[in-house]
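The structure under discussion appears below in the form of structure tokens.
The values are calculated or read from the model by the stated rules, or taken from the named source; none is laboratory data. All figures in this text were calculated on a predicted structure; none of them were measured in a lab. Here Cβ is always computed from backbone atoms with ideal geometry, including for glycine, and neighbour counts include all displayed protein chains. The area values use the complete protein model at the heavy-atom level, side chains included, leaving out ligands, DNA and RNA. Shrake-Rupley method; radii C 1.70, N 1.55, O 1.52, S 1.80 Å.
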Amino acid sequence: MAVTETAGMSPVMAFALVGALGVGSQWLAWKLRLPAIVLMLAAGLIVGPGLGLFDPARDIGPLVAPMISIAVAIILFEGGLTLNFGSLRDAAKGVRRLVLIGAPLGWLLSAAALHWIAGLSWPSSAVFGGIMIVTGPTVIAPLLRQARLKRRPSALLQWEAIVNDPVGALAAVLALEVVLVMQTTETRGEAIWDLGIGIGFATLLGLASGAGLAWAFQRAKVPEYMKVPVLFVVLLVVFAVSDFVLHESGLLAVTIMGLWIANADLPSFTELRRFKEHATILLVSGVFILLAAGTSLATLELLDWRAMLFIVVVVFAVRPATVLIALAFSNVPWKERLLVALTGPRGVVLVAVAGLFGERLVAQGIDDAALIAPLAFALVAATVVLHGFTLTPMARALGVTASETPGILIVGGSAWSVALGEVLEKLDLPVLIADPNHAHLRAARRAGLASYFGDILSEAAEHSLDFVRYQKVIAATDNDAYNTLVCTDLAPDFGRENVFQPAAIRRDTRRHELPASLGGRTLRGKLSHFEANGRIHAGWHFRVTGLSEEFTLDDWLDKNPEALPVAEYDGTAGLRILDHDAQLKAEPGEQMIALYPPEPPDETAPRH
């Protein structure tokens, strides 16, 4: 133990360890299909208080606090950048109720539970109660995709998390400002004056910086390659200047700046969104590892039976009461209300902000604020594990799932798309064919396939289509560039391994080749759109063939040398679309979906 207290690692090694643990945990969680936050929590606690290998205060030193402050500022800016008021207006009435009624009510009930059950003082309860409004958009999204809920409950949970992310942060920041100002000024009048000046300055600075950046970006005052660096530097300057005027008001300023930019209709907003997604993954991972590793065993030992009772009350009383009261007398069916009421996973934003604010309160002499960080860890771990294992079976029991199996989104209403869609529907796989040309959808509608008339990349499609139902995308229009655009745009949401397109027409000319980072995976056979549809018009057809012990994959290949395999289907694992590099590995009991040549004429049939 003495070695652990004296020996440490260099700051460079410490930074490398934090990055490896954070990003490594997220990758492993994706591989194992587990909540990333649980693995990050476990990794931080193991190398920190568990084994004593890493202590941020010892190995990094005084830079830990400002690093966490800046990281939290960027995370909260990302939360503001997520909220587009146009999208909120288009959301269901229930979402507005959950925000306008549910957020204040949840703050009040959470603070009461913290004070009377967990035993925290009112200042600590007010600050932590505001943070608890956040339900974790980074956590709820994979849970919704896994559970495949119907559109309305999915939208309620998703938009509540997105909107309440900055709302909860603002509530916690305001509560913290009140507590800090009251602690550092002598009279109530001075406290109110300082608070008003600080909040007013932070608000004006956030609005001015957001408006200034939007003006500069819209009028090409900043070159495209410098927009992300300029945004990052302005973010740091706004945070530092506002913090100089009133401590912690910088978090309020950057959140407001993000809100303005999100609603400025910037033409380069997609690139900014990519920046905030990448920055958030890195920073969330780093902050979580630092906070978990910096938690001492003595602090964890403070979690007694009152802390456990507090978590139970929050999950089974505070959250349900908040949602049921907010959605009372609404048009949301009671089964969907119950599902939303019993689903409220907390995420990394809660832990990051709680850890930072808890330290600020302790520094001002509020000793019980040391409980905020371990309570946040315990609440996040409990809710993520609980909802990760119960959301899907609970949704099935209540009958609010969209489908038992994930479906296929096919962009382009060609004869090839319709023929494939008909075969997939026979396997009870949901299929949607989308096309911006109304005439191209006639065959799909005649075949009884679900269709969407419009651009799949438009905001209208985002708001009207239930993308959670679909796991794979095939962009198969007659425009190779548009297919590439669709796959590139949807790849971050669906995963690059789940977006496909036909081969480009000029695939043999190097000057027309696109970078590997653009587009999706080329479908097996390397047929272009026109070649694939030409085969359909020539009499080729899709067919599903079941494999068995008596009729294996090798037997199928011997019997159908000219058939073009397109996908393999396993009732348990789902559909596996084949790209041009995929190896066939269908086992007995699975089914092969392939494009077969025309049947040869029956020579025994009588001729007329």
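Can you give me the number of residues within the range 402-423 that are part of a helix (DSSP H, G or I) and surrounded by fewer than 23 Cβ atoms within 10 Å (Cβ to Cβ)?
4
Here are LEU441, LEU457, LEU485: which of them is touching an Asp or Glu at 6+ places or on another chain (Cβ under 7 Å), open to solvent by 40 Å² or more (accessible area, probe 1.4 Å) and hydrophobic (A, V, I, L, M, F, W, C)?
LEU457
Of the residues that make up the range 127-147, is at least one within 14 Å of PHE467 (Cβ to Cβ), more than 14 Å from the chain's Cα centre (by Cα), modelled with pLDDT under 80 and open to solvent by 10 Å² or more (accessible area, probe 1.4 Å)?
no
Has the range 35-51 got any residue that is open to solvent by 50 Å² or more (accessible area, probe 1.4 Å), over 22 Å from LEU386 (Cα atoms) and at pLDDT 85 or above?
Yes: one or more hits.
Out of the residues in the range 496-519 that are buried (at least 18 other Cβ atoms within 10 Å of the Cβ) and modelled with pLDDT of 85 or more, state the one that is farthest from ALA481 (Cα to Cα).
Among those residues, the one meeting the criterion is ASN498.
Give the residue that is nearest to GLY258 (Cα to Cα), with candidates limited to residues of the range 52-77 that are small (Gly, Ala, Ser) and at pLDDT below 85.
Looking at the filtered set, the residue picked out is ALA73.
What are the residues in the range 531-562 that are assigned to a loop (DSSP other than H, G, I, E, B), surrounded by 14 or more Cβ atoms within 10 Å (Cβ to Cβ) and out of contact with any strand residue (DSSP E or B) (no Cβ under 9 Å at 6 or more places or on another chain), if any?
Matches in the range 531-562: THR552 only.
Looking at the range 309-378, what helices (runs of 4 or more DSSP H) fall wholly within it and have at least 3 residues that are open to solvent by less than 10 Å² (accessible area, probe 1.4 Å)?
Helices (runs of 4 or more DSSP H) meeting the threshold: 334-341, 348-363.
Report, by residue number, each residue of the range 54-64 that is surrounded by fewer than 17 Cβ atoms within 10 Å (Cβ to Cβ) and in contact (Cβ under 8 Å) with a residue 40 or more places away in the chain.
Residues satisfying the conditions are ALA57, GLY61, LEU63.
Of the numbered conditions (1) surrounded by fewer than 20 Cβ atoms within 10 Å (Cβ to Cβ); (2) closer than 24 Å to LEU527 by Cα; (3) among the hydrophobic types (A, V, I, L, M, F, W, C); (4) in contact with a strand residue (DSSP E or B) (Cβ under 8 Å, 6 or more places away or on another chain), VAL431 fails exactly one; give the number of that condition.
Unmet condition: (1).
Kindly provide the set of residues from the range 338-374 that are closer than 21 Å to THR322 by Cβ and without any contact (Cβ under 8 Å) to a residue 40 or more places away in the chain, ordered by number.
The answer is ALA341, and nothing else.
Output the helices (runs of 4 or more DSSP H) that fall wholly within the range 431-500 and possess 2 or more residues being of a type in the set (Ser, Thr, Tyr) and closer than 19 Å to SER528 by Cβ, or say none.
In the range 431-500, 480-494 are the helices (runs of 4 or more DSSP H) which contain 2 or more residues that are of a type in the set (Ser, Thr, Tyr) and closer than 19 Å to SER528 by Cβ.
Would you be able to tell me the number of residues in the range 220-257 that are modelled with pLDDT under 85, within 30 Å of MET182 (Cα to Cα) and not aliphatic (A, V, I, L, M)?
Total satisfying the criteria: 7.
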